[in-house]
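Worksheet for the structure shown next.
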Amino acid sequence: MAIHNLLNGQFLNRSSVIGARFMSSWFRNIQPAPKDPILGVTEAFLADQSPNKVNVGVGAYRDDNGKPVVLECVREAERRIAGNQFMEYLPMGGSIHLVEESLKLAYGENSELIKDKRIAAVQALSGTGACRLFAAFQQRFHPNTQIYIPVPTWANHHNIWRDSGVPIKTFRYYHPESKGLDFSGLMDDIMNAPDGSFFLLHACAHNPTGVDPSEEQWREISSQIKAKGHFPLFDMAYQGFASGSPERDAKAIRIFLDDGHLIGLAQSYAKNMGLYGQRVGCLSVLCEDAKQAVAVKSQLQLIARPMYSNPPLHGALVVSTVLGDPELKKLWLQEVQVMADRIIGMRTTLRENLENLGSSLPWQHITNQIGMFCYSGMTPEQVDRLTSEFHIYMTRNGRISMAGLNTGNVGYVANAIYEVTKST
């Protein structure tokens, strides 16, 4: 018995040593992830004690006092749904009411495609979640395809398709010399891509450049994509926020629909309703017929199930209440116009300030671009000088968030930009 206990004790000690060694090594080789470039800008801004500091890196709307905004239509919707006794799970596909209103907003109030039930659609976790769902869908059902992404694009697009296991290719989009669209390069890349490729397109207010194709250019892009048998996925994060008109901002999508494309569409209500933290969006896929739409929707729900099971309720109630009530929708349209007009006004003011300072550089691209961001053309070194000398924070690619400008700081920012660029 003594020998047995001794051997048993030695075995337990040895097992403990082995177990401890494995447990201590599970995460030993994991290194800290690189900081998100945009979130890193905000962290540096918050740590700066200068009274003159300005953050033009943030991708969220601010009023002319630099304060976050909650739209009155959202406040009223919240008052109406306060005390709602329904706090159960939504279905895997989310709020039916939200999806219905989202489709009308994007495809048209009286769209025959909606009436014919040809659109498979589910509520998504804002635009990011909608893109992620589609990427997983693409990988599952078209595993031998790739996604073509514009250069440049929102950085997270690369993360989304990479983590979904979809090979990423790029196509030319921005023309640095003109600070506009590289239309010929874009068209060549569409033509030279293998037939039946997937193309990611920004429906309006391209992030980060603010450069959008003209209506005629969109028609040519649509024709070329159709001729090659490509599938277009639109990321529409700024409907209404770009021009102030949701109809105008959906023009690219309507052109593709008129041309007979099947499309994918990721919608977000972060910017145009200020619901950044609610994560409300919609993913829709236009199919050949109603039967196909049922099958596609069922597969999208199946993909969502192990990701997050079902989407959140509160934001969906807010959006569906706003869009589903004629008076609240009218108020929203007024408020989104105010936001868009303020951004457009800041573009004009920034350009005028730079020109009045006597800058020898052309600045018309500031007003030619549209939406939340301006691709200024400044170099990383010039951006570094803006931060170190003037306490102005933005991403090093020179992207300016126009929402960070207001009547109190636009002159200061213009003067700083003039100083760091005047020797160019």
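Taking the conditions (1) of a type in the set (A, V, I, L, M); (2) at pLDDT 95 or above; (3) open to solvent by 50 Å² or more (accessible area, probe 1.4 Å); (4) in contact with a strand residue (DSSP E or B) (Cβ under 9 Å, 6 or more places away or on another chain) in turn, LEU98 satisfies each one other than (3).
Entry remark, the range 264-302: residues being surrounded by 19 or more Cβ atoms within 10 Å (Cβ to Cβ) and either part of a loop (DSSP other than H, G, I, E, B) or not polar (S, T, N, Q) (or both) number 22 in total. Taking each residue of the range 335-354 that is farther than 15 Å from ILE366 by Cα and looking for partners that are in a helix (DSSP H, G or I) and open to solvent by 10 Å² or more (accessible area, probe 1.4 Å) with beta-carbon atoms closer than 7 Å, six or more apart or interchain, yields GLU335/GLU72. Among the residues of the range 89-109, the one identified as without any contact (Cβ under 8 Å) to a residue 40 or more places away in the chain and part of a loop (DSSP other than H, G, I, E, B) is GLU109.
Tallying residues that are open to solvent by 30 Å² or more (accessible area, probe 1.4 Å) and either out of contact with any helix residue (DSSP H, G or I) (no Cβ under 8 Å at 6 or more places or on another chain) or within 30 Å of ARG342 (Cβ to Cβ) (or both) within the range 248-263 yields 5. None of VAL54, VAL74, VAL151, VAL58 is open to solvent by 60 Å² or more (accessible area, probe 1.4 Å) and closer than 28 Å to ALA403 by Cβ except VAL151.
If the condition is being open to solvent by 20 Å² or more (accessible area, probe 1.4 Å), touching a Gly at 6+ places or on another chain (Cβ under 9 Å) and without any contact (Cβ under 8 Å) to a residue 60 or more places away in the chain, then the range 369-424 contributes THR379, PRO380, GLN382. When the test is whether a residue is over 23 Å from HIS202 (Cβ atoms) and either surrounded by 16 or more Cβ atoms within 10 Å (Cβ to Cβ) or touching a strand residue (DSSP E or B) at 6+ places or on another chain (Cβ under 9 Å) (or both), LEU361 does not pass it. Screening ALA136 with (1) small (Gly, Ala, Ser); (2) open to solvent by 60 Å² or more (accessible area, probe 1.4 Å); (3) closer than 28 Å to ARG279 by Cβ gives one miss only, at (2).
Of note, GLY165 satisfies the criterion of being part of a loop (DSSP other than H, G, I, E, B), modelled with pLDDT of 95 or more, surrounded by fewer than 16 Cβ atoms within 10 Å (Cβ to Cβ) and among the small types (Gly, Ala, Ser). Of all residues in the range 200-251, those satisfying the criterion of being among the aliphatic types (A, V, I, L, M), part of a helix (DSSP H, G or I) and under 22 Å from VAL166 (Cβ atoms) are ILE221, ILE225.
Yes/no matrix, rows are residues, columns are (1) among the hydrophobic types (A, V, I, L, M, F, W, C); (2) open to solvent by 20 Å² or more (accessible area, probe 1.4 Å); (3) more than 22 Å from ASP195 (Cβ to Cβ); (4) modelled with pLDDT under 95:
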residue: VAL211; (1), (2), (3), (4): yes, no, yes, no
residue: ARG219; (1), (2), (3), (4): no, yes, no, no
residue: ALA227; (1), (2), (3), (4): yes, yes, no, no
residue: HIS230; (1), (2), (3), (4): no, no, no, no
residue: PRO246; (1), (2), (3), (4): no, no, yes, no
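The values are calculated or read from the model by the stated rules, or taken from the named source; none is laboratory data. Keep in mind it's a predicted model, so treat the numbers as computed, not measured. Methodologically, a virtual Cβ is constructed for each residue, glycine included, from the backbone with ideal geometry; neighbour enumeration extends over all protein chains shown. Accessible surface is based on the protein model in full, side chains and every heavy atom, while ligands, DNA and RNA are left aside. Shrake-Rupley method; radii C 1.70, N 1.55, O 1.52, S 1.80 Å.
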